[in-house]
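Derivation of every value follows stated rules applied to the coordinates shown; laboratory data play no part. Bear in mind that the values here come from a model prediction, so they are computed numbers and not experimental data. Note that we place each Cβ from the backbone using ideal geometry, even for glycine, and neighbour counts take in every protein chain shown.
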Amino acid sequence: MPVFEKVLIANRGEIALRIHRACREMGIKTVAVHSTADADAMHVRLADESVCIGPPPARDSYLNIPAIVSAAAVTGADAIHPGVGFLSENAAFAEIVEAHGITFIGPSPAHIQAMGDKITAKRTMVELGVPCVPGSEGEVKTLETARAEAKRIGYPILVKAAAGGGGRGMKVAEGPENLEEAFHMARRESAAAFGNDAVYMERYLSRPRHIEIQIAADNHGSVVHFGERDCSIQRRHQKVVEEAPSPALNAAERERIGRRAVDAISRMGYRSLGTFEFLYEDGEFFFIEMNTRLQVEHPITEAITGIDLVRLQIQIASGAPLGMTQKDITFSGHAIECRITAEDPVTFQPRPGKVTNYHVPGGLGVRVDSALYAGYPVPPHYDSLIAKLVVHGSTRNECLLRLRRSLDEFVIEGLPTTIPLHQRLMADPDFINGDYHIRWLEQEFLTS
Ligand code: ADP
């Protein structure tokens, strides 16, 4: 007997396919939901059943809670997987799903709520002894408080949205002269993007790396970590390339930060997958946020551990025990993910269009997660991520060589993509040496 009979996948694109694949291998039937713009999408074609939930704009379809819950009820789905983005960190959605007797494949609504508010999340981590980026004591409500706090913390300062996500609602003040503008802009952007203008402040670290720890916890008190991912190759605070393990960490540091995360999760009583995001500078880790969902970059962890994280997430949601302890998790080789987007590789302008020709690279250690096919019109309404190229090698060098030849083989015609950017990156001496930080791509690579 599979752990669930039927799972509704409340998402689209490559991540919907990723979840469908895990379900299929577990003997679980799938229900796809889609907007009218996605009627011919791959996730709809592959699922056992599909339901149209609204017009193209996400707020009317992939964010339409009544339509999604009705689709689950009509098709008799016993669980909903929210994927990433959209409703994946919406506590109200998780609560409504559970109130309908359907399992939400993720953590409890209370944990989603607590970690979704970054001020609460940081406060929780401070209480649990997790080191955080020095910053304001909670929300900063007025410009006067902002000035006083900035003086105490020290410039440069980052004003951040409490409800933030996707790098939005974040503004830097280099010195006191920019604080007023940064404060008001962050609040405005946050109100527009999240319907919540609460902001807080942090010391703006100058050259840190973004290092995150993947954890999993079951309903029975077992918690493990799967090591780290280095996501420092970023543009506008958004990840472009990720690798595991981080070229900057040694085994002792990995063990130390992994244990910290496991300890915090155990004490929170959290269940499901989760990710602790840290900035890492001069040998020290500073917590910035926790994501209570599957991450886009999860395949690199799967590549070096050989563990199917989506399968594990579904098993945990069914109440099954983890079935592994920390010593069962071993790391092998090196993995890198390139996020390929339908954007101009120089200006980064989104350029949706019809895919006229499509050929994916293959061979040992090469994985492509994508919902593209020849003839597919990439709709303009959603995120521009169209493919993830995930390459594994026994060493970082082998991984790089394999990644370069895979990028050379990859054919996506009919619309511009960021493949040329990745080709250039994989040949860059700093990248090859693992010598980069979160601002390296924008400040050094893209300007050269
Ligand atoms: P979001 O939820 O919007 O992704 P995060 O808090 O996870 O926001 O931060 C996203 C990125 O912004 C980080 O990976 C890092 O590049 C940058 N960032 C966040 N906080 C700081 C900070 N205090 N100093 C420097 N950079 C930061």
**Q.** Semi-axes of the equivalent ellipsoid for region 134-203, Cα gyration tensor, largest first, Å
**A.** 18, 11, 10
Q.
Taking the Kirkwood radius as the inverse of the mean 1/r across Cα pairs, report the Rg/Rh of region 209-445.
A. 0.97
Q. Out of residues 5 or more away from A162 or on other chains, whose amide H comes under 5 Å of its own, with H placed 1.01 Å from N in the peptide plane?
A. A198, V199, Y200
**Q.** Amide proton proximity set for R293, modelled H, under 5 Å, gap of 5+
**A.** T275
**Q.** Backbone N within region 106-122 under 15 Å of label point (7 Å from R267 Cα along the Cβ vector)
**A.** 121-122
**Q.** Calculated FRET value between D308 and S206, using beta carbons and R₀ = 45 Å, to 0.05
**A.** 0.75
Q: Compute the Rg/Rh shape ratio of the chain: radius of gyration over Kirkwood radius, all on alpha-carbon atoms.
A: 0.94
Q) For region 286-303, what does the Karplus curve 6.51 cos²θ - 1.76 cosθ + 1.60, with θ = phi - 60°, yield as ³J(HN,Hα) per residue in whole Hz, taken in order and with x for Gly and Pro? A) 10, 5, 10, 6, 10, 9, 9, 8, 5, 9, 3, 8, 4, x, 5, 5, 4, 5
Q.
Please state the shape class of region 185-284: rounded when a/c is under 1.5, otherwise prolate if a/b exceeds b/c and oblate if not, all from the C-alpha gyration tensor.
A. oblate
(Q) From the gyration tensor of the Cα coordinates in region 1-48, what semi-axes in whole Å does the equivalent ellipsoid have, largest first, with each one equal to sqrt(5λ)? (A) 20, 9, 8
Q | Relative packing of 79-85, 91-97, 232-238, 250-256, which averages over residues the other C-beta atoms within 10 Å, highest first | A | 79-85, 91-97, 232-238, 250-256
Q) Going down the list K118/K388; K122/K171; K118/K239; K160/K327; K29/K239; K122/K239, which pairs span over 30 Å between their C-alpha atoms? A) K160/K327; K29/K239
**Q.** Integer Hz, Karplus 6.51/-1.76/1.60 couplings in order for region 133-149, x for Gly and Pro
**A.** 5, x, x, 6, 7, x, 5, 10, 8, 10, 5, 4, 4, 4, 4, 5, 5
Q: Kindly write out, for region 111-119 in residue order, the coupling ³J(HN,Hα) from the Karplus curve 6.51 cos²θ - 1.76 cosθ + 1.60 (θ = phi - 60°), rounded to whole Hz, with x marking Gly and Pro.
A: 6, 4, 4, 5, 7, x, 8, 5, 5
Q. How large are Rg and Dmax for region 6-105 when only the alpha carbon atoms are used, in Å?
A. 11.8, 32
Q: Taking the dipole about the Cα centre of region 134-203, with the C-beta of Lys and Arg at +1 and of Asp and Glu at -1, give me whichever of F183, F194, A148 is farthest to the positive side.
A: F194
Q) So what is the relative contact order for region 91-154, in percent, with contacts set as C-alpha pairs under 8 Å and at least six apart? A) 20
Q: Report the residues of region 417-448 in range of a label on N250: point 7 Å along Cα→C-beta, backbone N strictly under 20 Å from it.
A: 433-436
Q.
If I model region 369-448 as equal point scatterers sitting on the Cα atoms and use the Debye formula, what is log10 I(q)/I(0) at q = 0.12, 0.21 Å⁻¹?
A. -0.44, -1.11
Q.
How high is the relative contact order of the chain? Use alpha-carbon pairs under 8 Å, at least six apart in sequence, and give a whole percent.
A. 14
